[in-house]
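First up is the structure itself, then whatever we jot down about it.
The values are calculated or read from the model by the stated rules, or taken from the named source; none is laboratory data. No experiment lies behind these values; they were computed from the predicted model shown. Cβ sites come from the backbone with ideal geometry, for glycine too, and all protein chains shown count toward neighbours.
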Amino acid sequence: MNKRVRWGMGLGKVGLVCAIGVQASWVIEAGPMVWGQDASGTRSTDKTSIKTMNHDNPFFAASKLPFQAPDFASIKPEHFASAFDAGFAQQLEQVRSIARQQDPPSFENTLVSMEKSGEILTRVSAVFFNLAGAHTNEAIQEIEREVAPKLARHSDDIYLDKPLFARVERLWSERQELKLSEEQQRLLKKTYEDFVRAGAKLSEPQQIEVRAINERISTLTTQFQNHLLAVTKERAVLVDDIAQLAGMSDGEIAAAKQSASARGQDGKYLLAITNTTRQPVLTSLKNRELRRRVWLASANRALGENAGIDNQPIVLELATLRARRARLLGYSDHASFTLENQMAGNPKAAMKMLQDLVPGVVEKVKSEAALITAAMKEDGLSGPPEAWDWEYYAEKVRAKKYQVDESAIKPYFELESVLKNGVFYTYNKLYGMEFKERTDLPVWHPTVRVFDVVGKDGKPIGLFYADYFQRDSKRGGAWMDSLVSQSRLLHQLPVVINVMNIPSPAPGEPALMSLDHVQTMFHELGHGVHGLFSAVEYPSLSGTSVPRDYVEFPSTFHEDWAIEPDILANYARHYQTAEVLPKELLDKAIAASKFNKGFDSLEYLSAALLDLGWHSLSPEEVPGDVVGFEKQLLAKFGVDLAAVPPRYRSAYFAHVWSGGYSAGYYAYLWSEVLAADAYAFMKRSGGLTSANGTLFREKVLSRGGSREVMQQYIDFRGQEPGVEALLIRRGLKD
């Protein structure tokens, strides 16, 4: 998942999150940003903040490390508060200087100057929010709680600045006479729309209300995300008897024992809860009661069960506040506001895409359920499968039907081989890029790795950080982020990161991956090259700065290379014998990967419908009962199958409550239409060739937001996408 939070128009940028259904992210949701406001809604700049900021603070000036990579060895929690305050003050002073200059507005003295503003805030935000997601602690969480409302105020102070908007509005009205390049036109359009969507045209009383809503939303989203980090510890399942772990591999049991010991539970075993409703361990656990415990721990988290952490009040308040803000801005609901500038255009189009798939997906699920019920009968169990039975028996069906199971494949997916001989190999074949590991740059955790990224011409492209292993200080899911964004204007090459949550192996054991994690690794570097290959002028249009329902297209496109036979043969080698994954097993694995697609599709559709359901409400329609609303909505759309719950329930749906995907979770499927169509087109055009890679890089990956996204796709493909390839990819059509 792409994780990008942007402070307005080049006003400093931060990243945000993604993966194949395992995403989580962090976002300050304030529309656009501000620091300090009095009763009238304005506040003077604290000009002393920059002057009093210690020059030894690592955020005071650009890093002197290669590519301006942050010096994590020097950065301490105590540096953040003063750097944020100095960053707010610096940018407000810069922006107000732009707004109050005597010269008439021009593209250079207004938009370009705005793009250059906020250097300190950009630097500190990029590092801070990376650490808040990937390696947090109590000090960072406390700063996060304090800085969230300040960021909201800062955004509003800029976007609701009347003299500044007057300059932007004049440029917009004169756009036909300005003779701008395509990229300049895109920047002007984006900037003008950002101001209007932030409330620049509202009355002063309305703007004061929007400010209050934005500040409260930013506080709540931070609370929601921090609750999710805490709830993973709260809901972890502790097991006393090793016999109950039958079905897990020796390595997995050793890791569970190590996790328990790390929490002071020597001699016991701890099963961690990942961010989705489904849990990976459910595919292998033979003990039905333990499977039930694990599933209930996952599905009922953050619902206040047994006086535990409760996100329900946050969900209800966020839904109400977003609906209120949308109404103030002239929209019927938050979904209409959000989708206006996305590819879908409106909630009706997104909802139609989802609903059109429901009948076919439900039929597929029923056929899968029949196979699973038959497998349960062989174990003496009657009746339809429960939610905690589905994945266990799906693996049994998969093993019997295709004579393969995941435990037989994992030894061929050793992380180092997957990364170097699979992911890096594929990206080299497509784009001619090389990844050269270096150990001289400081990182935020000892397991983080750093790679120089070099083009086939030998010239540097950027820097890549890989943070793959699960730990208590990391939020769930997988994502891409940017520590430095590409910009010709600022003379910057990109520094990007990929974060995942692969279970750490026991000491001395290899890290063996599931096929899902393998494809996620390909997916996240798909986001990575979207940032690395960016070749635009302005930071606000750089890399992954594209609509939500387009940003997952380049990443999802790269997933399917993971199961290409020629690529698999290069990286899928047994970690003990170096034996290549046998062709027979490979063929079975590929065929087996098509099984259970009904389940996969339905749990996604349910979550996407839930998201649009919440965000299509008016303020008055927001219910008082989260669980009741879920039940009612899933029944309304015919997706209320007890054995196939939504991928995320409302109380832990990080994407939409704290991750920037509100009313946008449908985007994964929307983007998948493009990804499947593009992949099928490339396969017909020769497959894994440098010519295909060059075309994709030039027409899609390098363009960022500098060109309208459907036009980008047409430039690459020659036409708009069709849905045929998606239906085949999802196993809904042969």
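Out of the residues in the range 681-734 that are in contact (Cβ under 8 Å) with a residue 24 or more places away in the chain, among the basic types (Lys, Arg) and assigned to a loop (DSSP other than H, G, I, E, B), state the one that is farthest from Arg186 (Cα to Cα). This residue is Arg730.
When each of Lys631, Lys636, Lys594 is tested for being modelled with pLDDT under 95 and of a type in the set (Lys, Arg), the lone residue that passes is Lys594.
Taking the condition of being of a type outside the set (A, V, I, L, M) and not in a helix (DSSP H, G or I), how many residues in the range 189-201 meet it? Result for the range 189-201: 2. May I ask you to verify whether Gly508 is modelled with pLDDT of 95 or more, outside any helix (DSSP H, G or I) and on the phi > 0 side of the Ramachandran plot? No; evaluated as a whole, the condition is false for this residue. Selection of first residues in the range 400-424 that are in a helix (DSSP H, G or I) and among the aromatic types (Phe, Trp, Tyr) and of second residues that are at pLDDT 85 or above and surrounded by fewer than 17 Cβ atoms within 10 Å (Cβ to Cβ), restricted to Cβ pairs under 7 Å at least 6 apart or on distinct chains, gives the following pairs, ordered by first then second residue: Tyr412/His574.
Candidates are the residues of the range 516-575 that are under 17 Å from Arg186 (Cα atoms), hydroxyl-bearing (Ser, Thr, Tyr) and under 22 Å from the mean Cα position of the chain (by Cα); the one that is surrounded by the fewest Cβ atoms within 10 Å (Cβ to Cβ) is Tyr550. Apart from one condition, Val237 fits all of (1) of a type outside the set (D, E, K, R); (2) at pLDDT below 95; (3) in contact with a strand residue (DSSP E or B) (Cβ under 8 Å, 6 or more places away or on another chain); the exception is (2).
In the range 150-173, the residues that are over 18 Å from Phe107 (Cα atoms) reach residues that are hydroxyl-bearing (Ser, Thr, Tyr) with C-beta atoms within less than 6 angstrom, at least six apart or across chains, in these pairs: Ala152/Ser218.
Among the residues in the range 167-184, are any polar (S, T, N, Q) and within 23 Å of the chain's Cα centre (by Cα)? Checked against the condition, which is being polar (S, T, N, Q) and within 23 Å of the chain's Cα centre (by Cα), the range 167-184 yields no hits at all. The residues on offer are Val627, Val644, and the sole one that is aliphatic (A, V, I, L, M), assigned to a loop (DSSP other than H, G, I, E, B) and farther than 20 Å from Gly476 by Cβ is Val644. The residues of the range 298-313 that are touching a residue at least 40 places away in the same chain (Cβ under 8 Å) and touching a helix residue (DSSP H, G or I) at 6+ places or on another chain (Cβ under 8 Å), listed by number, are Ala299, Arg301, Ala302, Leu303, Gly308, Ile309, Asp310, Asn311, Gln312. In the range 154-167, the residue that is farthest from Asp481 (Cα to Cα) out of those that are crowded, with 23+ Cβ neighbours inside 10 Å and out of contact with any Pro (no Cβ under 9 Å at 6 or more places or on another chain) is Asp157.
For the range 422-454, the tally of residues that are of a type in the set (Gly, Ala, Ser) and surrounded by fewer than 19 Cβ atoms within 10 Å (Cβ to Cβ) stands at 1.
Restricting the range 140-188 to residues that are among the small types (Gly, Ala, Ser) and not in a loop (DSSP other than H, G, I, E, B), the residue that is farthest from Gln206 (Cα to Cα) is Ser173.
Yes/no matrix, rows are residues, columns are (1) farther than 26 Å from Trp670 by Cβ; (2) out of contact with any strand residue (DSSP E or B) (no Cβ under 6 Å at 6 or more places or on another chain); (3) of a type outside the set (D, E, K, R); (4) in contact (Cβ under 8 Å) with a residue 24 or more places away in the chain:
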{"residue": "Gly543", "(1), (2), (3), (4)": "no, yes, yes, yes"}
{"residue": "Val546", "(1), (2), (3), (4)": "no, yes, yes, yes"}
{"residue": "Val551", "(1), (2), (3), (4)": "no, no, yes, yes"}
{"residue": "Ile567", "(1), (2), (3), (4)": "yes, yes, yes, yes"}
{"residue": "Arg573", "(1), (2), (3), (4)": "yes, no, no, yes"}
{"residue": "Leu585", "(1), (2), (3), (4)": "yes, yes, yes, yes"}
{"residue": "Ala591", "(1), (2), (3), (4)": "yes, yes, yes, yes"}
{"residue": "Lys594", "(1), (2), (3), (4)": "no, yes, no, yes"}
{"residue": "Phe599", "(1), (2), (3), (4)": "no, yes, yes, yes"}
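Within the range 297-309, the only residue that satisfies the criterion of being among the charged types (D, E, K, R) and surrounded by fewer than 17 Cβ atoms within 10 Å (Cβ to Cβ) is Glu305.
Among the numbered conditions (1) surrounded by fewer than 17 Cβ atoms within 10 Å (Cβ to Cβ); (2) not in a loop (DSSP other than H, G, I, E, B), tell me where Gly264 comes up short. Unmet for Gly264, out of (1) surrounded by fewer than 17 Cβ atoms within 10 Å (Cβ to Cβ); (2) not in a loop (DSSP other than H, G, I, E, B): (2). For Ala39, the conditions (1) modelled with pLDDT of 50 or more; (2) over 19 Å from Ser542 (Cβ atoms); (3) assigned to a loop (DSSP other than H, G, I, E, B) are fulfilled apart from (1).
Of the residues Ala335, Ala349, the single one that is touching a Pro at 6+ places or on another chain (Cβ under 7 Å), of a type outside the set (Phe, Trp, Tyr) and over 20 Å from Arg729 (Cα atoms) is Ala335.
In this structure, is His523 over 30 Å from Leu180 (Cα atoms) and outside any loop (DSSP other than H, G, I, E, B)? The answer is yes for His523.
Confirm whether Asp677 is within 30 Å of Glu603 (Cβ to Cβ) and either modelled with pLDDT under 95 or not aliphatic (A, V, I, L, M) (or both). Spelling it out, Asp677 is indeed within 30 Å of Glu603 (Cβ to Cβ) and either modelled with pLDDT under 95 or not aliphatic (A, V, I, L, M) (or both).
Being at pLDDT 95 or above, more than 30 Å from Ser540 (Cα to Cα) and outside the structural domain of Lys189 (by TED's automatic domain parsing) holds for only one residue in Arg684, Arg707, Arg703, and it is Arg684. Taken over the range 267-299, residues that are under 27 Å from Met1 (Cβ atoms) and in a helix (DSSP H, G or I) amount to 10. For the range 310-355, a tally of residues being part of a helix (DSSP H, G or I) and acidic (Asp, Glu) returns 1. Every listed requirement among (1) of a type outside the set (A, V, I, L, M, F, W, C); (2) surrounded by 19 or more Cβ atoms within 10 Å (Cβ to Cβ); (3) under 18 Å from Ser485 (Cα atoms) is met by Pro66 save one, (2).
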